[in-house]
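Data block below; observations after.
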């Protein structure tokens, strides 16, 4: 499996396409995470969700009983994406 960053892929794109057509798995990442981490993310099928303007807009409308900005973004991300949010906090939002 070939794992390269976007910057690396820009200079070797034709080679990467050729390798993929021969059946090799090619992963192009947006980051400079260690290769083992990128492999684990790919193997587990994890999707890294960026913080978007939509999440920021949604968190503005959340109740203010929880003032931790990170928790507010997590809560708004879960609401927008329709995914469950697990927490030990009784009231996260």
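Does residue 74 count as part of a loop (DSSP other than H, G, I, E, B), in the same structural domain as residue 90 (by TED's automatic domain parsing) and over 13 Å from residue 2 (Cα atoms)? Can you show your working first?
Numbers: part of a loop (DSSP other than H, G, I, E, B): no; in the same structural domain as residue 90 (by TED's automatic domain parsing): yes; over 13 Å from residue 2 (Cα atoms): yes.
In short, no.
For residue 58, which of the numbered conditions (1) touching a helix residue (DSSP H, G or I) at 6+ places or on another chain (Cβ under 8 Å); (2) in a helix (DSSP H, G or I); (3) at pLDDT below 85 fails to hold?
Of everything listed in (1) touching a helix residue (DSSP H, G or I) at 6+ places or on another chain (Cβ under 8 Å); (2) in a helix (DSSP H, G or I); (3) at pLDDT below 85, residue 58 misses just condition (3).
The rows are residues; the columns are (1) in the same structural domain as residue 78 (by TED's automatic domain parsing); (2) touching a residue at least 40 places away in the same chain (Cβ under 8 Å); (3) under 30 Å from residue 74 (Cα atoms).
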| position | (1), (2), (3) |
| --- | --- |
| 7 | no, no, yes |
| 12 | no, no, no |
| 17 | no, no, no |
| 23 | no, no, no |
| 30 | no, no, yes |
| 33 | no, no, yes |
| 36 | no, no, yes |
| 40 | no, no, yes |
| 55 | yes, no, yes |
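Go through the stretch 1-16 and give me each residue that's in a helix (DSSP H, G or I) and surrounded by 12 or more Cβ atoms within 10 Å (Cβ to Cβ).
Within the stretch 1-16, the subset in a helix (DSSP H, G or I) is 6-16.
Result: 8, 9, 12, 13, 15, 16.
Hey, does the stretch 78-87 have a residue that's modelled with pLDDT of 85 or more, in contact with a strand residue (DSSP E or B) (Cβ under 6 Å, 6 or more places away or on another chain) and surrounded by 14 or more Cβ atoms within 10 Å (Cβ to Cβ)?
Keep residues of the stretch 78-87 that are modelled with pLDDT of 85 or more, which gives 78-86.
Narrowing the set further to residues that are in contact with a strand residue (DSSP E or B) (Cβ under 6 Å, 6 or more places away or on another chain) leaves none.
Scanning the stretch 78-87 turns up no residue that is modelled with pLDDT of 85 or more, in contact with a strand residue (DSSP E or B) (Cβ under 6 Å, 6 or more places away or on another chain) and surrounded by 14 or more Cβ atoms within 10 Å (Cβ to Cβ).
The values are calculated or read from the model by the stated rules, or taken from the named source; none is laboratory data. Note that the structure is a prediction, hence the values are computed from the model and not measured. Cβ atoms come from the backbone with ideal geometry, glycine included; neighbour counts cover every protein chain shown.
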